[in-house]
Amino acid sequence: MLRVDELTFAHPGQAVPYEFSLVAPAGEVTAVSGTSGSGKSTLLDLLAGFLMPISGVIELDHVNLVPMPPEQRPLSLLLQSESLFEHLSAASNIALGLPRHTPKAEGRQKIAAALSEVGLDSVGDQQAGTLSGGQKQRVALARTLLRARPVLLLDEPFSALDDETRVLIRELVRTLTIRHRWHTVLVSHHADDVETLAGRRYVLRDGRLEAA
Ligand SMILES: Nc1ncnc2c1ncn2[C@@H]1O[C@H](COP(=O)(O)OP(=O)(O)OP(=O)(O)O)[C@@H](O)[C@H]1O
Ligand SMILES: [Mg+2]
């Protein structure tokens with residue numbers, strides 16, 4: 001279980017701090033919605049370790065994540081605009097998710113398996129900059145697979161996609177979350193995403209997360 005308890009934080013000049021509490025079980029998508037500027041990305045930045053809280057708890061299976069630097073935290077982050085290196089091939093982008101010192105043959109086999117799992121067998125050698133938006137998000141998900149981190153943070157990951165692609169990628173996130181027992185935290189203000197994907201739902205309002 002990913003557990004956030006009374007996690008407080010204030011941006012410079014912010015009078016009343018945020019205070020976040022939520023639980024995100026394994027194998028489920030936990031949704032956080034809220035109006036623009038309500039603090040959703042701030043919450044994810046705190047979970048990812050890009051921001052430090054004033055006080056409070058972030059625990060995964062009873063292990064405290066707060067003292068860990070971002071690169072050591074057991075999580076992956078997927079944003080609205082995919083963060084691929086455009087001049088590298090899809091496969092090379094995915095390879096960035098491999099642990100250092102992975103033997104070459106093993107790496108190649110894992111990349112092929114990840115490409116196949118996200119339904120992209122044929123584009124491994126294609127330059128990332130030439131892929132469609134949906135294909136890029138798939139490559140980013142494949143990289144996440146190789147990282148094999150149990151928490152997946154998604155910040156509006158489908159918003160740049162057309163409706164059809166959006167549904168496909170959404171299904172993929174659902175399948176991967178269940179199959180790999182990820183604790184997936186989805187930030188979205190699309191009611192549709194939340195309806196179809198989420199187990200637990202929260203709304204961020206006045207700096208607090210309310211169960212919805
Ligand atoms: N580095 C910063 N310094 C000061 N204020 C900030 C900083 N980053 C964000 N904020 C403010 O914190 C509030 C929450 O921002 P945040 O990006 O978390 O909102 P959000 O819910 O993700 O919005 P959106 O749906 O538009 O992405 C906003 O009022 C924003 O202006
Ligand atoms: Mg945001």
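The values are calculated or read from the model by the stated rules, or taken from the named source; none is laboratory data. Quantities reported herein were computed from a predicted structural model and do not represent experimental measurements. Cβ: placed from backbone, ideal geometry, glycine included. Neighbour counts: every protein chain shown.
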Problem set entry | Single residue of 205, 179, 143, 138 found to be away from ligand 2 (no atom under 16 Å from the Cβ) and in the same structural domain as residue 33 (by TED's automatic domain parsing) | 179
Seminar exercise, completed: How many residues of the stretch 98-154 are under 21 Å from the mean Cα position of the chain (by Cα) and outside any strand (DSSP E or B)? The answer is 33
For this session: Look at residue 94 and say whether it is outside any loop (DSSP other than H, G, I, E, B), more than 26 Å from residue 40 (Cβ to Cβ) and touching a residue at least 24 places away in the same chain (Cβ under 8 Å).
Result: yes
Problem set entry | Enumerated strands (runs of 3 or more DSSP E) restricted to the stretch 1-74, each holding at least 1 residues that are free of Cβ contacts under 8 Å to residues at least 60 places away in the same chain and in the same structural domain as residue 157 (by TED's automatic domain parsing) | 2-9, 55-60
Exercise. Residues in the stretch 58-77: is at least one surrounded by fewer than 18 Cβ atoms within 10 Å (Cβ to Cβ) and within 16 Å of ligand 2 (Cβ to nearest atom)?
Worked result: no
